Amino acid sequence: MARGRAAGREAPVGLFSTLPILWNEADDVAGLLKPEDAPHWARSVLAQRGAISALDTLAGPGGRGPLDRLDRLVIAQPRPLSPDENVALDAWVRAGGRLLLLADPALTADSAFAVGDPRRPQAVVLLSPILSRWGLDLHFDDAQPFGERMGEVMGMPVPVNLPGRFATRGQDNCKLWGEGLAASCAIGKGRVIAVADAAVLDRDDPAGRRAKALNGLLDAAFVGR
């Protein structure tokens, strides 16, 4: 794994997310870039894999878009995808792309912005079209208790809070982990590691357990295990 990680370190890593990983939550540009605010810890974790390429869209004119220059991608609590973006993402994965997807049906992270503010991270992930294309369904038990706990993905402890559960449609190219907390799927020539929670990316990480978990998930998605 370490050899694989080093080999791909110079290639860019795409990031498509509504979470404030590369910027601060603020009302103006100056606030977004306030140097006195410590950067999100996940920024340095991703930067160890290569230059971070922040994406505003997954599709482009004529069917070509920003995914064409990437081999590795992290999608974390994204906004809903357009039809063109669903097609582009599916084609990219099938052509050999490696994807870590964090899809949270009930985001628990705090935000400086009020509910309904478009700058607030996506509260409920809406990815049914692309998940269906890959033979996955995302379910949520709204009776589960609130509170962070440790889940398990491929033998790795991962912090979760109000997680969802993936289910497959009987296909043999996907394997579920942690009673559906995560799924690993071979899609065409590519690979998808999907986690039904995004608490691993909460900003507070004094003990470094979130960073350790994210590194493990990135290894699983990008290197394979």
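On the basis of being assigned to a loop (DSSP other than H, G, I, E, B) and either out of contact with any helix residue (DSSP H, G or I) (no Cβ under 8 Å at 6 or more places or on another chain) or open to solvent by 50 Å² or more (accessible area, probe 1.4 Å) (or both), does Leu126 make the cut?
When the stated conditions are applied, Leu126 passes them.
List every residue pair whose Cβ atoms sit under 8 Å apart, with the two residues 6 or more apart in sequence or on different chains, where the first one lies in the stretch 70-83 and is closer than 14 Å to Ala220 by Cα and touching a residue at least 40 places away in the same chain (Cβ under 8 Å) and the second, anywhere, is part of a strand (DSSP E or B) and small (Gly, Ala, Ser).
Arg72/Gly14; Leu73/Gly14; Val74/Gly14; Val74/Ser17
Across the stretch 113-149, which residue is farthest from Gln171 (Cα to Cα) among those that are free of Cβ contacts under 8 Å to residues at least 24 places away in the same chain and of a type in the set (A, V, I, L, M)?
Ala114
For the stretch 170-208, which residues satisfy the criterion of being out of contact with any helix residue (DSSP H, G or I) (no Cβ under 9 Å at 6 or more places or on another chain) and either among the β-branched types (Val, Ile, Thr) or not in a strand (DSSP E or B) (or both)?
Once the filter is applied, which keeps residues that are out of contact with any helix residue (DSSP H, G or I) (no Cβ under 9 Å at 6 or more places or on another chain) and either among the β-branched types (Val, Ile, Thr) or not in a strand (DSSP E or B) (or both), the stretch 170-208 yields Gly170, Gln171, Asp172, Asn173, Gly178, Glu179, Gly180, Leu181, Asp197, Ala198, Pro206, Ala207.
Scanning the stretch 136-152 for residues that are of a type outside the set (A, V, I, L, M, F, W, C) and open to solvent by 80 Å² or more (accessible area, probe 1.4 Å), which turns out farthest from the chain's Cα centre (by Cα)?
Pro145
Filter the stretch 97-113 for residues that are open to solvent by less than 70 Å² (accessible area, probe 1.4 Å), of a type outside the set (S, T, N, Q) and part of a loop (DSSP other than H, G, I, E, B); which is farthest from Val87 (Cα to Cα)?
Phe113
Could you give me the residue pairs with C-beta distances under 6 Å whose first residue belongs to the stretch 50-68 and is assigned to a loop (DSSP other than H, G, I, E, B), whose second residue is of a type in the set (Phe, Trp, Tyr) and surrounded by 14 or more Cβ atoms within 10 Å (Cβ to Cβ) wherever it lies, and which are 6+ apart or on separate chains?
Correct list of pairs: Leu55/Phe16.
Have a look at Ser53, Ser82, Ser44 and point out the one that is open to solvent by less than 30 Å² (accessible area, probe 1.4 Å) and either more than 14 Å from the chain's Cα centre (by Cα) or modelled with pLDDT of 95 or more (or both).
Result: Ser53 is the single residue among Ser53, Ser82, Ser44 that is open to solvent by less than 30 Å² (accessible area, probe 1.4 Å) and either more than 14 Å from the chain's Cα centre (by Cα) or modelled with pLDDT of 95 or more (or both).
The values are calculated or read from the model by the stated rules, or taken from the named source; none is laboratory data. Just so it is clear, the model here is predicted, and its values are computed rather than measured. Glycine also receives a Cβ, built like all others from the backbone with ideal geometry; neighbour counts cover every protein chain displayed. These accessible areas exclude ligands, DNA and RNA; they are computed on the full protein's heavy atoms, side chains included. Shrake-Rupley method; radii C 1.70, N 1.55, O 1.52, S 1.80 Å.
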